[in-house]
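Everything on this sheet refers to the single structure shown next.
Here, each number is a calculation from the coordinates, and none is a lab measurement. Because the structure is a prediction, the values reported are computed rather than measured. Note that each Cβ is placed from the backbone with ideal geometry, even for glycine, and that neighbours are counted across all protein chains shown.
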Amino acid sequence: MSSPALSARPALLFDLDGTLVDSVYQHVLAWREALHEEGLDLSVWRIHRRIGMSGGLFLKALERELGASIGEAQAERLRQLHAKGLLKRLDQIRPLPGARELLGTLSSMGVPWAIATSGGEKTARPTLAMLGIPDSTPVVTRDQVAYAKPNPDLFLAAAERLRVPPGDCFVVGDSIWDLLAAQRAGSLGVGVLSGGYGREELEQAGAYRVYEDPADLLAHLDELGIRAGS
């Protein structure tokens, strides 16, 4: 039996941290704490610049910054310490302005959407719960793909879940890593400023449009050609 044909409807693929939830700085502090526990010191701004890329690439970049090699055992300890540090900061994380309303509006308009995050299942699920999304929502986490951002795997998998070609998808993200991954997936990138990257940085990384946060995107959905019955 053949698979049903892919739909030509436009869809939105969302990053999570810094795009739908205000959690970037909790990730930064969790990484700083993890590094400190391992006797490694790195400035907060340098950590922030790497948030949004996969943990593996983050640690590779860390090796360059520190001029020291991080073995697999230490890398695994750092990942576990980061997850522990983030989970204890969950009470500080909130949905970004307009995030719930944006997702609800898209659903009511019949516009397909999914979430693709570089975070693992362990840390992503409690954050996703804050958005009040249905259990049926397609969610792709780092655990489910071979490579995370800036590789396109997460967004390609999310598009496949929706049965929408990547070229008919908008990728919405707050970091240059999201937008680089969007380009490699063949999707149009839409940037939001709510993760701390500047407008010019996002545009240079390929953003077709840049908005302040989910609320601003919701107010300008028409600019993406998103409308009821799309």
Interchain or sequence-distant (5+) residues whose placed amide H lies within less than 5 Å of the amide H of L188 are C169, V171
Could you sort 92-100, 147-155 so that the peptide with the highest average Cβ count within 10 Å comes first and the rest follow in order? 147-155, 92-100
Would you mind ranking V164, V28 so that the residue whose beta carbon has the fewest other beta carbons within 10 Å leads the list? V28, V164
Just the number, please: percent antiparallel of the DSSP beta bridges in the chain, rounded to the nearest 5. 10
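Over segment 24-91, what is the relative contact order in percent, taking alpha-carbon pairs closer than 8 angstrom and at least six residues apart? Numbers along the way, then the final one.
Working: 51 pairs, mean separation 33.5, N = 68.
Relative contact order of segment 24-91: 49 percent.
Arranged by the count of other C-beta atoms within 10 angstrom, fewest first, what order do D143, D15, D135 take? List each step's numbers first, then the result.
Values: D143 11, D15 29, D135 5.
Fewest to most other Cβ atoms nearby, the residues stand as D135, D143, D15.
Within a 10 angstrom radius of the beta carbon, how do Y197, Y211 rank from fewest other beta carbons to most? List each step's numbers first, then the result.
Working: Y197 27, Y211 22.
With the fewest neighbours first, Y197, Y211 line up as Y211, Y197.
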Just want to confirm a number: the relative contact order over the chain, from Cα pairs under 8 angstrom separated by 6+ residues, in percent. 27
Can you list residues from other chains, or at least 5 along the same chain, whose modelled amide H is less than 5 Å from the amide H of D22? R94, L96
For segment 24-91, what does the convex hull of the Cα positions come to per residue, in cubic angstrom? 75
Which percent of Cα pairs goes in each bin when the distances of the chain are cut into 10 angstrom slices starting at zero? 8, 35, 37, 16, 5, 0
Taking amide H positions as placed in the peptide plane 1.01 Å from N, state which residues far from Y211 in sequence (5 or more) or on other chains have amide H under 5 Å from it. G191, V192, L193
